[in-house]
Amino acid sequence: MLGLKLPTDPRWVNLAEKSLTEILTDHAYCEQKAASTCISLIQQYPDKERLVRELAPIVTEEWGHFRQVLREMDRHHLKLGKQRKDHYVNQLLASMPKGLSRENALLEKLLVAGLIEARSCERFRLLSLHLPDPEWQAFYHSFMVSEAGHYRLFLDLAREYADPDRVRQRWQEWLDAEARILAAMHLSGERMH
């Protein structure tokens with residue numbers, strides 16, 4: 001469904017389980033950044049009515065996810081750690097073409113946002129299937145469902161604001177780039193990506 005070209009290394013779940021405080025901290029900050037991305041897109045493209053209408057509730061949802069992760073950490077007596085650089089997202093952003101028109105920049109931003117949501121969805125699915133505790137499974141299943149919806153929304157918005165053939169082409173190119181980025185990264189169970 002997601003079309004990702006490189007599945008997550010199965011060992012990631014085991015590493016994440018051993019680093020639960022770190023993975024939850026990273027997860028919390030990922031939710032915060034997702035809300036910020038939607039706010040930024042709304043600020044940059046207020047003339048795109050569907051984008052504004054569709055992303056406004058996502059801002060609230062993502063911030064709610066941040067609070068949900070914090071509640072779960074409190075429930076397990078875990079503390080939110082410091083935010084660390086997200087090398088995965090930073091490498092995706094560094095791969096974005098420069099000097100684009102406003103419309104082409106929107107396409108690239110929507111596709112990168114969709115790609116991040118797709119990878120998050122895949123990782124949440126793995127956690128929901130393989131963590132031994134049924135409460136953690138249910139916790140991550142709900143995030144998986146949400147991220148799948150966000151992934152689809154970003155791609156739908158890309159198709160609305162750009163030529164669908166161009167969207168398909170750029171999406172495939174982004175999937176290839178993301179696979180290369182992920183393959184070159186050190187496997188860490190302390191990060192969502």
>> Looking only at segment 54-86, how many residues end up being in a helix (DSSP H, G or I), surrounded by 15 or more Cβ atoms within 10 Å (Cβ to Cβ) and not aromatic (Phe, Trp, Tyr)?
In response: 12
> What single numbered condition from (1) touching a Leu at 6+ places or on another chain (Cβ under 7 Å); (2) charged (D, E, K, R); (3) within 24 Å of Arg11 (Cα to Cα) fails to hold for Glu117?
Replying inline: (1)
> Got a sec? Which of Arg152, Arg191 is of a type in the set (Lys, Arg), buried (at least 19 other Cβ atoms within 10 Å of the Cβ) and either without any contact (Cβ under 8 Å) to a residue 60 or more places away in the chain or in contact with a helix residue (DSSP H, G or I) (Cβ under 7 Å, 6 or more places away or on another chain) (or both)?
Replying inline: Arg191
>> For segment 79-106, give me each residue that is among the hydroxyl-bearing types (Ser, Thr, Tyr) and modelled with pLDDT of 95 or more.
In response: Ser95, Ser101
> Only one residue in Thr60, Thr21 is polar (S, T, N, Q) and under 23 Å from Leu127 (Cβ atoms), so which one is that?
Replying inline: Thr21
> Among the residues of segment 125-144 satisfying the criterion of being of a type in the set (D, E, K, R) and in a helix (DSSP H, G or I), which is farthest from Leu2 (Cα to Cα)?
Replying inline: Glu135
> Applying the selection to segment 88-103, what residues are part of a helix (DSSP H, G or I) and surrounded by 15 or more Cβ atoms within 10 Å (Cβ to Cβ)?
Replying inline: Tyr88, Val89, Gln91, Leu92
> Out of segment 1-35, which residues are aliphatic (A, V, I, L, M) and either crowded, with 16+ Cβ neighbours inside 10 Å or in a helix (DSSP H, G or I) (or both)?
Replying inline: Leu2, Leu4, Val13, Leu15, Ala16, Leu20, Ile23, Leu24, Ala28, Ala34, Ala35
> Scanning segment 73-101 for residues that are small (Gly, Ala, Ser) and free of Cβ contacts under 8 Å to residues at least 40 places away in the same chain, which turns out farthest from Asp26 (Cα to Cα)?
Replying inline: Ser101
>> Need pairs with beta-carbon distance below 7 Å; first residue at pLDDT 95 or above and within segment 170-181, second among the basic types (Lys, Arg); sequence gap 6+ or separate chains.
In response: Leu175/Lys5; Asp176/Lys5; Ala179/Lys5
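The values are calculated or read from the model by the stated rules, or taken from the named source; none is laboratory data. Quick caveat, the model's predicted, so the values are computed rather than measured. All Cβ positions, even for glycine, are placed from backbone atoms using ideal geometry, and neighbour counts span all protein chains on display.
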